Amino acid sequence: MPEPAEHPAYPVGLRLSGRHVVVVGGGQVAQRRLPALVAAGARVTLVSPSATPSVEAMAAAGEITWVRRRYEDGDLDGAWYVLVAVSDPRAAARISEAAEAARVWCVRSDDAEAATAWTPATGRSEGVTVAVLTGRDPRRSAAVRDAIVEGLRDGTLAAPHRRDKAPSVALVGGGPGDPDLITVRGRRLLAEADVVIADRLGPRDLLDELPPHVEVIDAAKIPYGRFMAQEAINNALIEHAKAGKTVVRLKGGDPYVFGRGMEEAQALAEAGIPCTVVPGISSSISVPSAAGIPVTHRGVAHEFTVVSGHVAPEDPRSLVDWASLAKLTGTLVILMGVDKIGAIAEALVAHGKAPGTRVALVQEGTTTAQRRVDATLATVAEVVRAEEVRPPAVIVVGDVVGVGVPPLA
């Protein structure tokens, strides 16, 4: 029989891998519980005349065995754990009585007091499983679970690894500038860092949240000596990692979108240091969105192309095929091109782009200093000078600039 209500439940973690589990009932409760049982490696038998489409798909995929009928005596033979998820209380009582007789722990979705086991509110973060029981208040259990898991994921709840760790570096994409737009994993890794080597365009507000012991290094101020700037940054990453520090390389946007992240990853690999790459939200998409510009829109643009504008079109070092870009009908997004926009606009027009093609420049997108300046290819160079547009700014060229906004005078 279940324990008296005044006695608390005894928490335990069941290792169900390869063990037989029976679930009776194929409705919404089973649909929520089955994935975790499958993930735990249990051999799950579902006994139910019907099932939700999601549960049926699990059976079709071979993740569970589905016996398509009502419960019968003997269905619990060999089971280690039983979940009763039927709406008929008499049927549920019959199944739980059979489980009691067989000394099999039984969870009942219809009557927690009649069950011999309770399912905690669970969550997972980086190898940690959080399980919360608050007796007869499942909503409170879920709320406590969510608070703990969110804290572990975003780093506000400190739970550092205590075992010795091998040297490692994380290349973290910080997003376009708003500190809330960094990924959950990126924020957690920042909270665990001993050393943070940050770019100027990274989300600066996040650095203020770091504990006092964290060494923050401005990548722009690393002494170069006989090294090129990027080589000096690579060496700093390697040196701090080999010193036993947990190192985060915080970049703006995404590490692999004009961020030279691969160069750093290659240098670390050559030094034998493991590297984790955490993708970030690229400014090429997020900044136009923040300014009300969709890079694609039905009936307007079915494609968008992202290019770097840090090298002018006539420069022999340029790898961009501006002639081909001028012929495309979709959206063109230019990063790092503010000081070259005049030459870029001239090249696009020279290769066939209409001079009246709309252009928007979004300076310091997603931050409190964000502003948008509109122009055309014919006027953009003059507008940039008159409006004193400064980097960082994302430039959008194409008809999407006019979606939802009035046309230029």
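Among the residues of region 230-239, just one is open to solvent by less than 10 Å² (accessible area, probe 1.4 Å) and either free of Cβ contacts under 8 Å to residues at least 24 places away in the same chain or not in a helix (DSSP H, G or I) (or both), namely Ala232.
The set of residues from region 191-216 being in contact with a helix residue (DSSP H, G or I) (Cβ under 7 Å, 6 or more places away or on another chain), at pLDDT below 90 and buried (at least 18 other Cβ atoms within 10 Å of the Cβ) comprises Asp199, Pro203, Leu206.
Consider region 240-263. How many of its residues are part of a loop (DSSP other than H, G, I, E, B) and over 18 Å from the mean Cα position of the chain (by Cα)? Write out each step before concluding.
Taking region 240-263 and keeping what is part of a loop (DSSP other than H, G, I, E, B), we get 243-245, 252, 254-260.
Still in the list and also over 18 Å from the mean Cα position of the chain (by Cα): 243-245, 258-260.
So the count comes out to 6.
Looking only at residues that are part of a helix (DSSP H, G or I) and touching an Asp or Glu at 6+ places or on another chain (Cβ under 9 Å) in region 216-229, which one is nearest to Val172 (Cα to Cα)? Checked region 216-229; the qualifying residue nearest to Val172 (Cα to Cα) is Ala219. Would you confirm, using the coordinates I've provided, whether Arg124 is surrounded by fewer than 18 Cβ atoms within 10 Å (Cβ to Cβ), modelled with pLDDT under 95 and not in a loop (DSSP other than H, G, I, E, B)? Judged against the criteria, Arg124 is a match. When the residues of region 245-277 are filtered to those that are open to solvent by 50 Å² or more (accessible area, probe 1.4 Å) and of a type in the set (Gly, Ala, Ser), the one that is farthest from Ala170 (Cα to Cα) is Gly272. Among the residues making up region 58-84, those that are loosely packed, with under 14 Cβ neighbours inside 10 Å and either farther than 20 Å from Arg94 by Cβ or polar (S, T, N, Q) (or both) are Ala60, Ala61, Gly62, Thr65.
Could you list all residues from region 308-354 that are part of a loop (DSSP other than H, G, I, E, B), under 25 Å from Arg260 (Cβ atoms) and of a type outside the set (D, E, K, R)? Result: Gly309, His310, Val311, Ala312, Pro313, Pro316, Ser318, Leu319, Val320, Met336, Gly337. Within the set of pairs 6 or more residues apart or between chains, which connect a residue that is at positive phi inside region 342-361 to a residue that is of a type in the set (A, V, I, L, M) with Cβ atoms less than 9 Å apart? Note: pairs meeting the criteria are Gly352/Ala323; Gly352/Ala326.
Condition check: over 21 Å from Pro35 (Cα atoms), at pLDDT 95 or above and among the charged types (D, E, K, R). Does Glu113 satisfy that? Considered against the rule, which asks whether it is over 21 Å from Pro35 (Cα atoms), at pLDDT 95 or above and among the charged types (D, E, K, R), Glu113 comes out as no. Looking across Val383, Val373, Val306, Val403, one residue alone is crowded, with 18+ Cβ neighbours inside 10 Å and of a type in the set (A, V, I, L, M, F, W, C). It is Val373. Restricting region 354-370 to residues that are over 28 Å from Gly202 (Cα atoms) and open to solvent by less than 50 Å² (accessible area, probe 1.4 Å), the residue that is farthest from the chain's Cα centre (by Cα) is Thr357. Quick check: is even one residue across region 389-398 among the hydrophobic types (A, V, I, L, M, F, W, C) and open to solvent by 60 Å² or more (accessible area, probe 1.4 Å)? No, because not a single residue in region 389-398 is among the hydrophobic types (A, V, I, L, M, F, W, C) and open to solvent by 60 Å² or more (accessible area, probe 1.4 Å). Under the condition of being assigned to a loop (DSSP other than H, G, I, E, B) and without any contact (Cβ under 8 Å) to a residue 12 or more places away in the chain, the residues counted in region 78-117 number 2. Residues of region 314-332 that are surrounded by 11 or more Cβ atoms within 10 Å (Cβ to Cβ) and touching a strand residue (DSSP E or B) at 6+ places or on another chain (Cβ under 8 Å): Val320, Leu325, Leu328, Gly330, Thr331, Leu332. Could you tell me whether any residue of region 91-102 is in contact with a helix residue (DSSP H, G or I) (Cβ under 7 Å, 6 or more places away or on another chain), open to solvent by 40 Å² or more (accessible area, probe 1.4 Å), farther than 16 Å from Ala42 by Cβ and among the acidic types (Asp, Glu)? Checked against the condition, which is being in contact with a helix residue (DSSP H, G or I) (Cβ under 7 Å, 6 or more places away or on another chain), open to solvent by 40 Å² or more (accessible area, probe 1.4 Å), farther than 16 Å from Ala42 by Cβ and among the acidic types (Asp, Glu), region 91-102 yields no hits at all.
With respect to the conditions (1) more than 25 Å from Gly186 (Cα to Cα); (2) open to solvent by 50 Å² or more (accessible area, probe 1.4 Å); (3) in contact with a Pro (Cβ under 7 Å, 6 or more places away or on another chain), Lys242 falls short on a single one, namely (1). Could you list all residues from region 221-247 that are more than 25 Å from Ser308 (Cβ to Cβ) and among the aliphatic types (A, V, I, L, M)? The answer is Ile238, Ala241, Ala243, Val247. Just a yes or no: is a residue in region 36-50 farther than 17 Å from Thr119 by Cβ and either touching a helix residue (DSSP H, G or I) at 6+ places or on another chain (Cβ under 6 Å) or part of a helix (DSSP H, G or I) (or both)? No, that holds for no residue.
The values are calculated or read from the model by the stated rules, or taken from the named source; none is laboratory data. Source: prediction; values computed, not measured. Cβ atoms come from the backbone with ideal geometry, glycine included; neighbour counts cover every protein chain shown. With ligands, DNA and RNA removed, areas are computed over all heavy atoms of the protein, side chains included. Shrake-Rupley method; radii C 1.70, N 1.55, O 1.52, S 1.80 Å.
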